[in-house]
Every structure is written in structure tokens, then in C-alpha cells.
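Throughout, read-outs are computed from the coordinates displayed, never taken from laboratory work. A quick note: this is a predicted structure, and the numbers were derived from the prediction, not measured. Here Cβ is always computed from backbone atoms with ideal geometry, including for glycine, and neighbour counts include all displayed protein chains.
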Amino acid sequence: MRFDRYDMLPGVELPVGYTLHTLAERGEDDWIEALNATGELGEWDRARAREWLEAAPPGSSAADRPVVPEGSFIIVFDGRAVATTCIVAPTESEPCAEVGWVSVSPDHQGRGLGFQAALAALLYAKRMGYPESRLNTDDWRLPAIKTYLNLGFEPVIEHETHPRRWKDVFDALGIPGPIRRAL
């Protein structure tokens, strides 16, 4: 999915009792805790976190696109990291920032925390002057896709299967035909 409508972004507004911090402020232990909260983003430990936080060797999953600690956010409730997302740095060959790994602890889902975390990352991308942000997701993550669409992300059609897959997603979410601009 892609996003370039930075001028339309509201400010971050968290529910009472929640606070927003950068990864640089809270540290990798809280980031790892929030990433592991859903059990859907693979297993995160210090080695994997450092691979993405530091310039990784060629051939690793992070390659030359590290996570930006100042552009990555952790939402905290009662001292615990309960939600996160990050900005993966753009490069010369990939000038778009990537909003990555939006994660909300199951005990805190349904409060708009994924929206607010991703919004914080987009506001950072705006401040940095990135022309566009991208986000990868899976077809079956319907609540997440609805959140991204509500933020203003649009589908990217790069494969022959994408129009049909997006049609199925829109049908499942009950989104009417006129809104389906990218198809």
C-alpha cells in the first residue's frame, strides 16, 4: 500500500492512560516486547532487532535499510509496551519510507492504537520530507487493512492477481465500488 497525502494527516490522539514514545527513547527491549505481542510478526529477539537497527550485512533481511529509531514509535500503558510501528529508512534506490510492523497487544486492540502508531510514523515521514510512504500487509489482515485505508493508504497494483485480491478485500470490508480508485 502507498501513502502520499501527508497534508491530510491529523495529530496523534491517544486514549487516556496511553503515552507515545520513540524507539530511541524507550529502547529495543520495549520494541521487542511490542513486536512479539501479537505472535504474528515472527519471533523477535535482540539479534533480530539489532539486525534491523544497525547497518546489516548484505544478504540479511534488513540489508541496507535499517529501522529509524527516531521515526519508530512505542505506545506504553501502565509501564508496558503495548503497541509499536517503525519507519524503515529510504535509500537512493527505494526513496519511499516504509511503515513497518504495526503491532498491538491483543489486550489493547480495538482502541485505535494501530492507527495512532502508524499515524505517528507517517507524521515523522512528513517531517523528514519523504515523498511517499509504503506499507506491506497480508490479504487476511482485514482490521489492519481497514486501519490503513482509514489513514489514507491506497492499494498498489503491481501484479496480475492484485485487482482480484483487492476486490475481495474491499468486498470483505464492505467498501463500495466508487471508493475503489486503484482498481
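Here are the numbers:
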item	result
Sequence of Asp7, Asp30 once ranked by neighbouring C-beta atoms within 10 Å, starting from the fewest	Asp7, Asp30
Rounded, prolate or oblate (a/c below 1.5 giving rounded, otherwise prolate when a/b exceeds b/c) for the range 2-136 by Cα gyration tensor	oblate
GluC sites (Glu not before Pro) within the range 89-160, DSSP loop, no more than 12 other Cβ atoms inside 10 Å	Glu92, Glu158, Glu160
Normalised contact order of the chain, rounded percent, pairs of Cα under 8 Å and 6 or more residues apart	23 percent
Rg to Rh, two decimals, where the range 1-60 supplies the alpha carbon set and Rh follows Kirkwood	1.05
With Cα atoms, 0 to 90° folded angle of helix 142-151 axis to the chain main axis	90 degrees
Neighbour-count order for Thr22, Thr147, fewest beta carbons within 10 angstrom listed first	Thr22, Thr147
Per-residue [θ]222 nm for the chain (sum of -39500 (n - 2.57) over DSSP H runs n ≥ 4, rounded to 500)	-9500 deg cm²/dmol
The chain: most fluctuating residue of Ala172, Ala120, Ala24 per GNM, C-alpha cutoff 10 Å	Ala172
